[in-house]
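Student: Take this structure, written in structure tokens, and hold onto it; I'll ask about it next.
The values are calculated or read from the model by the stated rules, or taken from the named source; none is laboratory data. No experiment lies behind these values; they were computed from the predicted model shown. Here the Cβ is made from the backbone with ideal geometry for all residues, glycine too, and neighbour counts use every protein chain on show.
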């Protein structure tokens, strides 16, 4: 899938001469737009001849990419990442179809099969969509995220195990640059909660997607800080961890904080090596207690009038305010709209990517908030699970849950088979990072963005590659 041909002196001389001539022409004629041409040609050459370098460049550029829709209201492409993702996707498909260049271990892996099922059902609902062009764009975008971030990165992880650590560093360092930019802008407004929603622009659209990505990479920052390595690297990692912690707090993203708390509980299962029966018993006990106290819990939520604010304690307490907090009430409004849309078309849904354009008529006046809108310009279903339910029907949600369950099963059993603590640590990073997003997905959905897709599919690829090197015997696992 990835080759590394050598560039000759003749090739280098030709490229250098071309670039020099172009610069002279640009200066003489003042055609400054032409300066983009050598950059574009370099990107194409890099993708065609050094796919591994191109992929690492995309990973590094993802946290710093800028979406054209946010800046100009035009195309929804993120630059510079998505044009390169399209090139990589096309090249990989050609290599696989016409030259048979692929790692069959990854192609036939259970996680990969779950991804195929997910994409096939999504494609079926594109055909039956109420807005076919919108749905087709959504599906194609999902494909050009999955092929590079899952299949190409998965191949790199299999080719060289050290690439797992490289992936963590290559994504984390630019992410910290984005954090420093955001903190700097935020400092000019006194670190207030009100301004925290937009100070990360244009690198991130708003604070919830920003917080979700920070939470996904927080386990990685902790791992890089405490793993066995040189004093210098550990010092750098510790500094990055401090910056990431500050950025998470200042993001005022409650969903990100809750997802990290949930990942922390999952980590305790690892630490205390709890058996499956014990884990399921504890989960069942929590649900039973919640069911018996449902009326009391609901009453407490309804009486909670603490709104989100600059005070961190009040901001956390406002999570359960379903009586006056506009953000929470609007989220509930979106969820109810998704359920009504599902009830109308339960089998095939309304089509991938259509929720934001179609949900307005499903709102009830009594459920609208001060931030409600009838236009398709303010977000989506605020749920990674209810969104597919409304857009692709029951099987849309089922295929997504099937993928998540497959990843969890593979992760747990692979972890039990690994004896090397370093590899266990890498697997924990990927698994806990995904857990933060699985939990965050109850409150928001960002898999249509490159910034969230990179760690999501990258961590999924990392788990798949580790399981290939430590084969999973599912029959034995399910009998335990």
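Student: Please specify each residue of the range 381-435 satisfying the condition of being outside any helix (DSSP H, G or I), farther than 30 Å from residue 362 by Cβ and either touching a residue at least 40 places away in the same chain (Cβ under 8 Å) or touching a strand residue (DSSP E or B) at 6+ places or on another chain (Cβ under 6 Å) (or both).
Tutor: Step one: of the range 381-435, the residues outside any helix (DSSP H, G or I) are 381-385, 418-420.
Remaining after also requiring farther than 30 Å from residue 362 by Cβ: 418-420.
Selection gives 418 alone.
Student: Among 258, 241, which is the only one that is surrounded by fewer than 22 Cβ atoms within 10 Å (Cβ to Cβ), at pLDDT 95 or above and closer than 19 Å to residue 428 by Cα? First the steps, then the outcome.
Tutor: Values: 258 fails: at pLDDT 95 or above.
The unique qualifying residue is 241.
Rundown of residues vs (1) part of a helix (DSSP H, G or I); (2) in contact (Cβ under 8 Å) with a residue 60 or more places away in the chain, yes/no style:
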site: 189; (1), (2): no, no
site: 193; (1), (2): no, yes
site: 209; (1), (2): yes, yes
site: 213; (1), (2): yes, yes
site: 216; (1), (2): yes, yes
site: 234; (1), (2): yes, no
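Student: Then there's this: Please state which one of 358, 285, 329, 250 is at pLDDT 65 or above and surrounded by fewer than 17 Cβ atoms within 10 Å (Cβ to Cβ). Before the answer, list the steps.
Tutor: Details: 358 fails: surrounded by fewer than 17 Cβ atoms within 10 Å (Cβ to Cβ); 329 fails: surrounded by fewer than 17 Cβ atoms within 10 Å (Cβ to Cβ); 250 fails: surrounded by fewer than 17 Cβ atoms within 10 Å (Cβ to Cβ).
Just a single option satisfies the conditions, and that option is 285.
Student: Which one is nearest to residue 46 (Cα to Cα) among residues in the range 94-109 that are surrounded by fewer than 16 Cβ atoms within 10 Å (Cβ to Cβ) and at pLDDT 90 or above?
Tutor: That would be 107.
Student: Is it the case that some residue within the range 75-85 is surrounded by fewer than 18 Cβ atoms within 10 Å (Cβ to Cβ) and either at pLDDT below 65 or closer than 25 Å to residue 162 by Cα (or both)? Give the derivation first.
Tutor: Filtering the range 75-85 for residues surrounded by fewer than 18 Cβ atoms within 10 Å (Cβ to Cβ) gives 75-76, 79, 83.
Still in the running and either at pLDDT below 65 or closer than 25 Å to residue 162 by Cα (or both): 75.
Scanning the range 75-85 turns up at least one residue that is surrounded by fewer than 18 Cβ atoms within 10 Å (Cβ to Cβ) and either at pLDDT below 65 or closer than 25 Å to residue 162 by Cα (or both).
Student: In the range 160-181, how many residues are more than 19 Å from the chain's Cα centre (by Cα) and in a helix (DSSP H, G or I)?
Tutor: To start, the set of residues in the range 160-181 that are more than 19 Å from the chain's Cα centre (by Cα) comprises 160-163, 180-181.
Next cut, in a helix (DSSP H, G or I) only: 163, 180-181.
Of the residues in the range 160-181, 3 are more than 19 Å from the chain's Cα centre (by Cα) and in a helix (DSSP H, G or I).
Student: Pairs, please: C-beta under 6 Å, at least 6 apart or cross-chain, first residue farther than 13 Å from residue 449 by Cα and in the range 75-102, second buried (at least 17 other Cβ atoms within 10 Å of the Cβ) and modelled with pLDDT of 85 or more?
Tutor: From residues that are farther than 13 Å from residue 449 by Cα, the pairs are 80/61; 84/58; 86/144; 88/148; 89/144; 89/147; 92/147.
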